[in-house]
1. Scan region 157-167 for residues that are touching a residue at least 24 places away in the same chain (Cβ under 8 Å) and not aliphatic (A, V, I, L, M) and jot them down.
2. Filter region 73-109 for residues that are of a type in the set (S, T, N, Q) and farther than 18 Å from Asn27 by Cα and give the result.
3. Taking region 164-187, which residues are basic (Lys, Arg) and either touching a Pro at 6+ places or on another chain (Cβ under 7 Å) or open to solvent by 70 Å² or more (accessible area, probe 1.4 Å) (or both)?
4. For region 69-90: of the residues being within 24 Å of the chain's Cα centre (by Cα) and of a type in the set (S, T, N, Q), which is least open to solvent (accessible area, probe 1.4 Å)?
5. Could you tell me which of the residues Arg154, Arg105, Arg182, Arg97 is part of a loop (DSSP other than H, G, I, E, B) and either in contact (Cβ under 8 Å) with a residue 12 or more places away in the chain or within 30 Å of Glu274 (Cβ to Cβ) (or both)?
6. Would you check which residues across region 190-201 are closer than 18 Å to Thr130 by Cα and open to solvent by less than 30 Å² (accessible area, probe 1.4 Å) and list them?
7. Does any residue in region 256-276 that is at positive phi come within less than 8 Å, Cβ to Cβ, of a residue that is assigned to a loop (DSSP other than H, G, I, E, B) and open to solvent by less than 20 Å² (accessible area, probe 1.4 Å) six or more places away or on a different chain, and which pairs are these?
8. Just one of the numbered conditions (1) touching a helix residue (DSSP H, G or I) at 6+ places or on another chain (Cβ under 9 Å); (2) at positive phi is not true of Gly79; which one?
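The values are calculated or read from the model by the stated rules, or taken from the named source; none is laboratory data. Not measured: the values here are computed from a predicted model. Cβ sites come from the backbone with ideal geometry, for glycine too, and all protein chains shown count toward neighbours. Each accessible area value is taken on the protein alone, full model and side chains, heavy atoms only, with ligands, DNA and RNA left out. Shrake-Rupley method; radii C 1.70, N 1.55, O 1.52, S 1.80 Å.
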Amino acid sequence: MNFAEIDKLIKLALAEDMPQGDITTDNLIPPESTSRAVFIAKERGVLAGLRVAERVFKLVDASVNFTPLISDGTKIHPGDRLAEVAGPSQALLKAERTALNFLQRLSGIATFTRHFVQALAGTSTRVLDTRKTTPGLRSLEKYAVRMGGGQNHRFSLSDMVLIKDNHLRLVGSITEAVKKIRERVGNRVKIEVEVTSLKEAEEAFKAGADWVMLDNMSLEEMKKVVAVLKGRVVLEASGNVTLDKAREIAALGVDYISVGRLTHSVEALDISLEFI
């Protein structure tokens with residue numbers, strides 16, 4: 001984790017939550033008061049984000065003691081104690097919501113990712129995330145995907161060439177687009193092309209693409225592509241992939257399934273902080 005980057009995010013979150021302090025805590029709890037509290041899982045899932053939660057408390061008050069009781073990537077169950085915090089009561093109360101916001105969201109992503117990983121168990125297909133992340137939280141959300149057992153696709157537009165439909169509308173053809181990009185970047189960067197048919201997939205392969213994304217294609221059409229191109233180019237299925245369809249798609253023989261909803265539509269995992 002890049003804690004310099006994470007600290008910036010946490011400071012923004014804290015400033016949003018306490019633009020002028022905590023009017024309740026500041027006027028109700030004595031500064032000399034100290035407390036202990038424990039993070040408790042309220043539902044089953046996969047934990048992610050404990051170190052982020054710890055940074056929240058440390059940035060509110062460096063004297064807070066944070067003790068993890070379990071590690072990220074671990075399955076958790078209702079009632080499990082995840083971590084303990086101890087220190088000034090005001091600091092614990094001020095950090096509580098921000099720490100939980102990070103911890104619950106990241107654990108929700110890790111949990112949902114694990115469901116896809118389990119659905120694909122026994123196949124050679126792996127689940128990928130996308131760039132459909134919360135603005136500013138991409139590195140954390142992609143970390144959570146890894147904690148759930150998934151793999152990260154490109155982190156940014158700078159990492160890998162991905163020629164999509166709008167690029168093709170402007171350039172004219174898959175062949176021309178791949179040719180133009182290859183002339184500019186050589187072989188140092190992989191080139192992926194989004195296609196919607198067997199014909200386009202074959203064109204992308206012949207043009208020299210390293211990776212072909214089968215976008216919103218029917219099972220029958222994907223099956224045809226796999227029969228022709230399996231082992232010759234990396235094949236990725238994408239587009240509204242749901243958990244109940246994932247294994248059926250994997251059975252076709254694609255290398256990857258990318259799932260935007262791992263990060264853009266996930267439900268936060270229910271975790272609480274209870275004072276002892």
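1. Lys164, Asp165
2. Correct list: Thr74, Thr98, Asn101, Gln104, Ser107.
3. Arg169, Lys179, Lys180, Arg184
4. The selected residue is Thr74.
5. That would be Arg154, the only listed residue that is part of a loop (DSSP other than H, G, I, E, B) and either in contact (Cβ under 8 Å) with a residue 12 or more places away in the chain or within 30 Å of Glu274 (Cβ to Cβ) (or both).
6. Listed by number, the residues that qualify are Ile191, Glu192, Val193, Glu194, Val195.
7. Nothing qualifies.
8. Going through the list (1) touching a helix residue (DSSP H, G or I) at 6+ places or on another chain (Cβ under 9 Å); (2) at positive phi, Gly79 breaks only (1).
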